[in-house]
1. Please work out if Arg86 is open to solvent by 80 Å² or more (accessible area, probe 1.4 Å) and modelled with pLDDT of 85 or more.
2. Take the conditions at pLDDT 75 or above, surrounded by 15 or more Cβ atoms within 10 Å (Cβ to Cβ) and not in a strand (DSSP E or B) and apply them to Arg21. Does it pass?
3. Select from the stretch 178-224 the residues that are open to solvent by 70 Å² or more (accessible area, probe 1.4 Å) and among the hydroxyl-bearing types (Ser, Thr, Tyr) and write down the one among them that is farthest from Ile157 (Cα to Cα).
4. Only one residue in Ala140, Ala159 is in contact with a helix residue (DSSP H, G or I) (Cβ under 8 Å, 6 or more places away or on another chain), modelled with pLDDT under 90 and either more than 19 Å from Val3 (Cα to Cα) or open to solvent by less than 60 Å² (accessible area, probe 1.4 Å) (or both), so which one is that?
5. If Ala137 satisfies all but one of (1) assigned to a loop (DSSP other than H, G, I, E, B); (2) under 18 Å from Ala93 (Cβ atoms), what's the number of the condition it fails?
6. Return yes when Val175 is under 20 Å from the mean Cα position of the chain (by Cα) and open to solvent by 40 Å² or more (accessible area, probe 1.4 Å) and no when it is not.
7. Could you list, ordered by first residue, the pairs with Cβ atoms under 7 Å in which the first is in the stretch 61-84 and outside any helix (DSSP H, G or I) and the second is open to solvent by 40 Å² or more (accessible area, probe 1.4 Å), at least 6 apart or interchain?
8. With respect to Thr230, determine if the residue is part of a loop (DSSP other than H, G, I, E, B) and either closer than 12 Å to Ile166 by Cα or open to solvent by 60 Å² or more (accessible area, probe 1.4 Å) (or both).
Amino acid sequence: MYVYFEDKSKAFDKVPHSILRLALRRIRLPEPFIQLRLFPGTKHRPPVKLKNLSFVDDAAFFACTPGGLHRTVARVDSFNAACGIRSNAAKGAVLSINSKREPLIKSNDVEVPRISSDGAFRYLGVFLNATGTGGPAVEAMEETFGRAMLSLRNKKITAKMAVYVINAVVWPAMVYRSRNFVPKLRRLQKWDASARALIRKKLHVASTFHASALHHPAILALASIEEQVTRYHMKAWQPRVPAA
């Protein structure tokens, strides 16, 4: 199977903002939010793009053969041309599943990047690869965690401030990324240990400083990524009881 992930170039630039205003009102978004996103500032300032809706201009097309994928991409380009829009080939991707062949696909005479057998592509917030494993998702979580710890380590902030950032920013981001693939327990415990080591360094205490003191609500209240992920997925899989 072959998948073509398409990204439409400047799709929202082609839509009148009056139509976007009606669409946002239809889904009952608050008027201040609509005003802020579409018409910030005074009447003389140009409208801004809806960056928070950037995913809705993506599409995925499937084919069983390379030839079928070529024909599909040609139809997509023809349809886009009729609508006055273009595909952004540089931001698209071609994924080959259970096939050693990696077809050369072009959109508007521009080659679409091919995802290697050990690579991945992020589509609608989900990391996809040819093997269907969660490796790319875990690698992304590891990268997110590593950047956050490095930044906190280099910042001249107190331990309490570092705990606040971990609890309010880092762990929620990690839990969000775990929605599609749950990391193994030992990796979660490794991240918890790294966070505790960082806080101990900020406190200028020895590595033997007991972990329970760091997690105690009355002291620092450092949250645990292991508990956060476990609680999230237990709640997500909890069966819904119909109302009486």
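1. It is false that Arg86 is open to solvent by 80 Å² or more (accessible area, probe 1.4 Å) and modelled with pLDDT of 85 or more.
2. So Arg21 fits the description; yes.
3. Result: Thr208.
4. Checking each option against the conditions leaves just Ala140.
5. The failed condition is (1).
6. No: the conditions fail for Val175.
7. Between residues of the stretch 61-84 that are outside any helix (DSSP H, G or I) and residues that are open to solvent by 40 Å² or more (accessible area, probe 1.4 Å), the close pairs are Phe62/Met1; Cys64/Met1; Gly84/Lys14.
8. no
The values are calculated or read from the model by the stated rules, or taken from the named source; none is laboratory data. On a predicted model such as this, the values are computed, not experimentally measured, just so you know. So basically every Cβ, Gly included, is an ideal-geometry build from the backbone, and we count neighbours across all protein chains shown. Quick note on the areas: whole protein, heavy atoms, side chains included, nothing else; ligands and nucleic acids left out. Shrake-Rupley method; radii C 1.70, N 1.55, O 1.52, S 1.80 Å.
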